[in-house]
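Input: a single structure, listed below in structure tokens.
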Amino acid sequence: MDKELINDLEEIGEPLKEYLQLQLEMEKLSLLEKLSRFGAYLFKILIVVYLSILIVGFLLGALAVWYGKTFDNYFIGVLIAGAGLLIVTILLIVLRKKIAVNSALANLSEILMNDEEK
């Protein structure tokens, strides 16, 4: 009986080993997919932030030039634009957790939990 049990375990061992290796490969591919989706999300966010910074910069520059031409005082126009940039920066620092961290965590949790629901 012991030899039969040993033979049965040897027969089960090889398919079990193959199954476990396939499961490991599947988990690796799943992790790679999730990381690539999250990386694409981060890249998209970086592009949006970069373009937003450019837009704000050009708008503040246009404000400085407009104020300088209208009131014939470019120095005050640049100071107003700088104050606007300072206000935007302070708002971003104060709201950074609500804007960046919560958004990234929500997206990451959606990516990680989405496949498990399927």
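The values are calculated or read from the model by the stated rules, or taken from the named source; none is laboratory data. Just so it is clear, the model here is predicted, and its values are computed rather than measured. Every residue, glycine among them, receives a Cβ derived from its backbone with ideal geometry; neighbour counts consider all protein chains shown.
With respect to residue 27, is the statement that it is within 32 Å of the chain's Cα centre (by Cα) and of a type in the set (Asp, Glu) true? Considered against the rule, which asks whether it is within 32 Å of the chain's Cα centre (by Cα) and of a type in the set (Asp, Glu), residue 27 comes out as yes. Going by the structure shown, is residue 98 out of contact with any Leu (no Cβ under 8 Å at 6 or more places or on another chain) and in a helix (DSSP H, G or I)? Taking the combined requirement at face value, the residue satisfies it.
Scanning region 34-68 for residues that are in contact (Cβ under 8 Å) with a residue 12 or more places away in the chain and over 30 Å from residue 78 (Cβ atoms) yields 34, 37, 38, 41, 42, 45.
Residues checked against (1) surrounded by 12 or more Cβ atoms within 10 Å (Cβ to Cβ); (2) modelled with pLDDT of 95 or more; (3) within 24 Å of residue 47 (Cβ to Cβ); (4) hydrophobic (A, V, I, L, M, F, W, C):
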| site | (1), (2), (3), (4) |
| --- | --- |
| 72 | no, no, no, no |
| 79 | yes, yes, no, yes |
| 84 | yes, no, yes, no |
| 88 | yes, no, yes, yes |
| 93 | no, no, yes, yes |
| 98 | no, no, yes, no |
| 101 | no, no, yes, yes |
| 104 | yes, no, yes, yes |
| 109 | no, no, yes, no |
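Within region 82-96, residues that are closer than 16 Å to residue 49 by Cα and free of Cβ contacts under 8 Å to residues at least 40 places away in the same chain have Cβ atoms under 8 Å from residues that are of a type in the set (Val, Ile, Thr) and surrounded by 11 or more Cβ atoms within 10 Å (Cβ to Cβ) in these pairs: 85/56; 88/56; 92/99, counting only partners at least 6 apart in sequence or on another chain. Scan region 66-118 for residues that are among the small types (Gly, Ala, Ser) and closer than 22 Å to residue 37 by Cα and jot them down. Answer for region 66-118, where residues must be among the small types (Gly, Ala, Ser) and closer than 22 Å to residue 37 by Cα: 100, 103, 104, 106, 109.
Annotation note: of 58, 38, the sole residue that is aromatic (Phe, Trp, Tyr) and closer than 30 Å to residue 26 by Cβ is 38. Residue check: residue 37 meets all listed conditions (1) within 25 Å of residue 111 (Cα to Cα); (2) modelled with pLDDT of 90 or more but one, namely (2).
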